[in-house]
Amino acid sequence: LAERLQNTFKKLKGKGKLDEKDVDEAMREVRVALLEADVNYKVVKDFVKKVKERAIGAEVLGSLTPGQQVIKIVNDELTELMGGTQSKITISSKPPTVVMLVGLQGAGKTTTVGKLGNQLRKQGRRPLLVAADVYRPAAIKQLKVLGEQLNIPVFSLGDKTNPVDIAKAAVEHAKSYGNDMVLIDTAGRLHINEELMEELKNIKESVKPHEILFVMDATTGQDAVNVAKTFDEQLGIDGVIITKLDGDTRGGAALSVKAVTGKPIKFVGMGEKLDALEPFFPDRMASRILGMGDVLSLIEKAQSTLDANKARELQQKIKSQDYNLEDFLEQMRQVRKMGPLDQILGMLPGMGNLKQLKDVQVDEKEMLHIEAIIQSMTPEERRNPSIIKDSRKKRIAKGSGTKVSDVNKLLKQFDQTKKMMKQMMGMEKMLKKRKGGG
Ligand code: GDP
Ligand code: MG
């Protein structure tokens with residue numbers, strides 16, 4: 001999808017002015033690209049219509065070309081299509097928070113229960129994993145193994161008890177053992193059937209989960225979206241977790257599911273490993289789908305006008321917890337698009353004279369290096385740069401056409417930025433407190 005759209009926009013890039021015909025032509029290609037990516041037909045139709053409406057007669061921003069303006073609109077609308085902003089799980093003010101994962105067989109429920117538990121625990125919570133899939137004998141074992149690996153407790157009553165009783169007992173167990181999150185792994189089927197829905201409804205009825213999350217396999221595209229719709233109609237879901245996004249080159253499921261079900265994507269699974277679960281950011285996904293590194297940077301340059309909204313956006317990003325090299329890269333791009341760093345920070349409360357800022361300023365060429373270096377790392381390394389040993393540094397340098405000293409420099413910049421983020425967050429908390437007090 002990314003490649004196709006890029007070609008479309010390349011065509012537009014040469015144009016000086018954009019009229020209705022240009023928009024039409026570009027949108028025809030966008031439409032085909034989306035359909036080929038297995039995006040729901042109706043979603044595509046509405047999407048194209050919306051972009052067209054916005055594009056024709058839209059004011060072209062100061063330093064953008066008309067072509068760039070269209071890309072920006074497509075990017076904005078894609079973001080909107082996927083929910084606009086990040087959507088988190090609801091944490092009950094009266095623990096435990098009960099989360100139930102549902103979906104078809106093989107979608108990734110059991111794995112995701114483990115991943116979610118892992119993530120929640122890293123955030124200082126005390127999850128309890130519940131084995132309520134009693135049909136596949138291996139399912140209970142699978143969850144227990146995950147629990148052991150992660151050192152997170154797993155609640156099971158074997159496969160002779162019915163899932164409703166298991167779920168109920170698990171919540172009671174959580175209450176007496178101080179587990180604040182109960183994650184229920186339910187059974188799936190190859191296809192939707194009444195028996196499955198009945199069982200899930202009964203569990204829902206008896207434990208009243210705060211969140212029912214539908215787990216869907218990205219690689220099954222439209223089928224998965226249709227199943228999501230049925231689950232929502234029959235059971236009611238609060239959100240979606242898309243798994244196997246690492247193996248999905250088309251992005252169709254991610255693009256359609258919010259529009260079709262009205263329910264947001266909350267997390268995405270990016271691999272089989274237990275730390276491969278990420279919060280879902282619609283704007284990042286849109287950029288990824290558009291694959292428009294170069295195009296985006298053009299737009300970014302054009303948008304260097306800084307306003308309070310942008311500063312707030314940046315602040316949101318900074319607040320996001322697992323700050324890693326991917327966020328760093330994203331932020332570098334953001335920062336570059338917004339203009340001089342000291343100016344931006346001037347707009348954040350309490351900022352002004354952080355000396356280490358000098359070290360995170362980068363120029364055009366350095367930015368390309370940074371991107372190349374980060375892209376030469378494995379996802380694991382991006383998430384956790386401390387695991388990068390000297391031999392890997394050599395490899396990364398080679399892979400990105402840079403020197404080991406460049407890799408070291410980047411890692412140092414990352415560390416400094418991370419430190420700075422911490423300071424900022426501390427600062428913000430302080431300010432909040434002050435406000436609350438007065
Ligand atoms: P369940 O039947 O819904 O419980 O599915 P499982 O949790 O047993 O997962 C089915 C398969 O999908 C397993 O082999 C998992 O390792 C794999 N899987 C789950 N999530 C992901 C993911 O995000 N990426 C990849 N590549 N594989 C995944
Ligand atoms: Mg399972």
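The values are calculated or read from the model by the stated rules, or taken from the named source; none is laboratory data. Here the structure is a predicted model, which means the values were calculated and not measured. Every residue, glycine among them, receives a Cβ derived from its backbone with ideal geometry; neighbour counts consider all protein chains shown.
Taking the range 148-161 as the range and being more than 19 Å from Phe267 (Cβ to Cβ) and in contact with a strand residue (DSSP E or B) (Cβ under 7 Å, 6 or more places away or on another chain) as the test, the residues that pass are Pro153, Val154, Phe155, Ser156.
Taking (1) within 16 Å of ligand 1 (Cβ to nearest atom); (2) at pLDDT 95 or above in turn, Tyr177 satisfies each apart from (1). For the range 215-246, a residue qualifies if it is more than 16 Å from ligand 2 (Cβ to nearest atom), closer than 20 Å to Lys201 by Cβ and either under 14 Å from the mean Cα position of the chain (by Cα) or assigned to a strand (DSSP E or B) (or both), and the qualifying residues are Gly239, Val240.
Please indicate, with yes or no, whether at least one residue in the range 139-152 is in contact with an Asp or Glu (Cβ under 8 Å, 6 or more places away or on another chain), among the polar types (S, T, N, Q) and within 10 Å of ligand 1 (Cβ to nearest atom). No; the residues of the range 139-152 include none that is in contact with an Asp or Glu (Cβ under 8 Å, 6 or more places away or on another chain), among the polar types (S, T, N, Q) and within 10 Å of ligand 1 (Cβ to nearest atom). Residues being within 20 Å of Ile203 (Cβ to Cβ) and among the acidic types (Asp, Glu) are entirely absent from the range 75-94.
Listed here are the residues, each with its yes/no results for (1) under 25 Å from Gly247 (Cβ atoms); (2) modelled with pLDDT under 85; (3) away from ligand 1 (no atom under 16 Å from the Cβ).
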{"site": "Lys52", "(1), (2), (3)": "no, no, yes"}
{"site": "Leu81", "(1), (2), (3)": "yes, no, yes"}
{"site": "Pro96", "(1), (2), (3)": "no, no, yes"}
{"site": "Gly103", "(1), (2), (3)": "yes, no, no"}
{"site": "Gly106", "(1), (2), (3)": "yes, no, no"}
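Would you check if Leu116 is within 13 Å of ligand 1 (Cβ to nearest atom) and either more than 21 Å from Phe231 (Cα to Cα) or at pLDDT 95 or above (or both)?
Values: within 13 Å of ligand 1 (Cβ to nearest atom): yes; either more than 21 Å from Phe231 (Cα to Cα) or at pLDDT 95 or above (or both): yes.
Yes, satisfied.
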